[in-house]
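All remarks here apply to the structure that follows.
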Amino acid sequence: MPAAVVPPPRDQAHETAAAGRLPAVVLMAGSCLPVLGAVLLAPVLPRMQDHFDGVPGSAALVPVVLTVPALALALLAPFAGMIVDRLGRKRLLVTATALYALFGTAPLWLDSLHAILISRILVGIAEAAIMTVCTTLIGDYYSGELRDRYLALQAMCASASATVFFVLGGVLGAADWRAPFWLYAVGLAIAPVMARVLPTPLPPQRETETAERIPRRAFPVRRMAGTCLLTVFGAVVFYTVPVEMAYLLDDLGTDSPRTIGAVTAVASAATVLGSLVFTRLSPNRRSRLPVLFALCAAGFLLMGLADNLPLLIAGAVVNCVGTGLLLPSLVTRAMSLLDFADRGRGMGLWTAAFFFGQFLCPLVLLAGKEPAGSLASAVALLGVAAAVLAAALFTAARRVVPAHSPEGARR
């Protein structure tokens, strides 16, 4: 364990062990809900674009329908984190999950693109609470290596669910572009299970007793800021394939929602593989961010050069193996900086950074598309940026750091 991390006290460790596997399963399911919002609609974006073709600005607004929940999530997750630390976890999670289902299914009955955008913002508000609380509770219930494994499993389950959601989105979207919104109703099934299964984490009275034995650290502002900046860019990298694959395939002459869903599901399965590899790595090899960004960059460059479907799929697979490793590396890096009392606030900031990057993803590529000449070229430019970041991180990592320092212990 890094030198800067305060180990959990015995009473908290006992409660952590008592949490068991069932709460972890429920938290994994809850963590999949924001992923559903991020990828379910990807296969139907071209058809949705056609439906709202007469709406001014629809070329930008339709892709934003996919990602505007991420903007709301990014703006509100820090506040959700503060609420989590002050008022508790469980009740907020159950309420947000029920509201997620209500707001998520609203586009089934809405005819206005702008009204749909508003409903998607409300989905993002619910997602802010869900994602922040789920990640925080993993940190509350588990510790050490087990916590890292569950955080990696969280990313792996989210990616695995994305594979299923891509396929379902493609199949349902073949009938009607509105049909995938029915899947948001799953929140109504998960909320009561959360209420029944999840234990209450360490109560404030016992936290006060713990603080008397172990001095509380100041909130790690500088290190969290650096990790959050990396996470914003990492999220842009992470979501490029699910958000843009439909358009890249369309540029190659493939516009079938079923095909788009299947191809993107293959890429998502590669993300699952990357997360699985992360769980098998030793702790001192999990934070090799330069290597991970370089791997993602290689995939983007292959995608940018692709003039046929197999090469595009190969590039996406390489990239997604990298993103499957990158996401748990970033979240475990952030979690290792936080004490129990600040965990909600810290994970709220990390969640905000990640989903702000998700929101920026289509806008970054849209901005790069015109000067680059095509979407594929914009993806290649993003690969160049990832490669430059990898080189910068590698150079920084080679600085001589005393082995006994927190930085040295974490490398």
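The values are calculated or read from the model by the stated rules, or taken from the named source; none is laboratory data. Predicted model only: the values in this text are computed from it and were never measured. As a convention, Cβ positions derive from the backbone with ideal geometry for all residues, glycine included, and neighbour counts pool all protein chains shown.
Here are some notes:
- Taken across the stretch 386-393, residues that are buried (at least 24 other Cβ atoms within 10 Å of the Cβ) and within 19 Å of PHE293 (Cα to Cα) do occur, with at least one present.
- Of all the residues in the stretch 96-106, those that are of a type in the set (S, T, N, Q) and under 12 Å from ALA128 (Cα atoms) number 1.
- Flag if VAL55 is in contact (Cβ under 8 Å) with a residue 12 or more places away in the chain and not in a helix (DSSP H, G or I): yes
- Scan the stretch 210-232 for residues that are hydrophobic (A, V, I, L, M, F, W, C), modelled with pLDDT under 90 and exposed (fewer than 14 other Cβ atoms within 10 Å of the Cβ) and the total you get is 4.
- If the condition is being of a type in the set (Ser, Thr, Tyr) and in a loop (DSSP other than H, G, I, E, B), then the stretch 217-256 contributes THR254, SER256.
- The residue that is nearest to GLY88 (Cα to Cα), among those in the stretch 106-163 that are among the acidic types (Asp, Glu) and not in a loop (DSSP other than H, G, I, E, B), is ASP140.
- Yes/no for ARG147 being within 21 Å of VAL26 (Cα to Cα), in contact with a Gly (Cβ under 8 Å, 6 or more places away or on another chain) and of a type in the set (D, E, K, R): yes
- Check on GLY104, within 13 Å of PRO34 (Cβ to Cβ) and either touching a residue at least 40 places away in the same chain (Cβ under 8 Å) or under 16 Å from the mean Cα position of the chain (by Cα) (or both): yes
- Only one of the listed residues (ALA77, ALA38) is modelled with pLDDT of 80 or more, buried (at least 18 other Cβ atoms within 10 Å of the Cβ) and assigned to a helix (DSSP H, G or I). That residue is ALA77.
- Matching helices (runs of 4 or more DSSP H) fully within the stretch 280-381 where at least 3 residues are within 16 Å of ALA270 (Cα to Cα): 289-305, 309-335
- Of all the criteria given as (1) at pLDDT 80 or above; (2) within 23 Å of ARG343 (Cα to Cα), the one not satisfied by LEU102 is (2).
- Selected residue [surrounded by 24 or more Cβ atoms within 10 Å (Cβ to Cβ), touching a residue at least 12 places away in the same chain (Cβ under 8 Å), under 30 Å from GLY88 (Cα atoms) and touching a Gly at 6+ places or on another chain (Cβ under 6 Å)] from GLY348, GLY324: GLY348
- Within this structure, VAL123 fails the test of being of a type outside the set (D, E, K, R), closer than 26 Å to VAL44 by Cα and surrounded by fewer than 22 Cβ atoms within 10 Å (Cβ to Cβ).
- Of all residues in the stretch 87-99, those satisfying the criterion of being within 18 Å of ARG343 (Cβ to Cβ), in contact (Cβ under 8 Å) with a residue 40 or more places away in the chain and assigned to a helix (DSSP H, G or I) are LYS90, LEU92, LEU93.
- With respect to the conditions (1) under 18 Å from ALA42 (Cα atoms); (2) of a type outside the set (D, E, K, R); (3) surrounded by fewer than 18 Cβ atoms within 10 Å (Cβ to Cβ), ALA314 lacks only one, and its number is (1).
- Flag if GLY30 is outside any helix (DSSP H, G or I) and at pLDDT 70 or above: no
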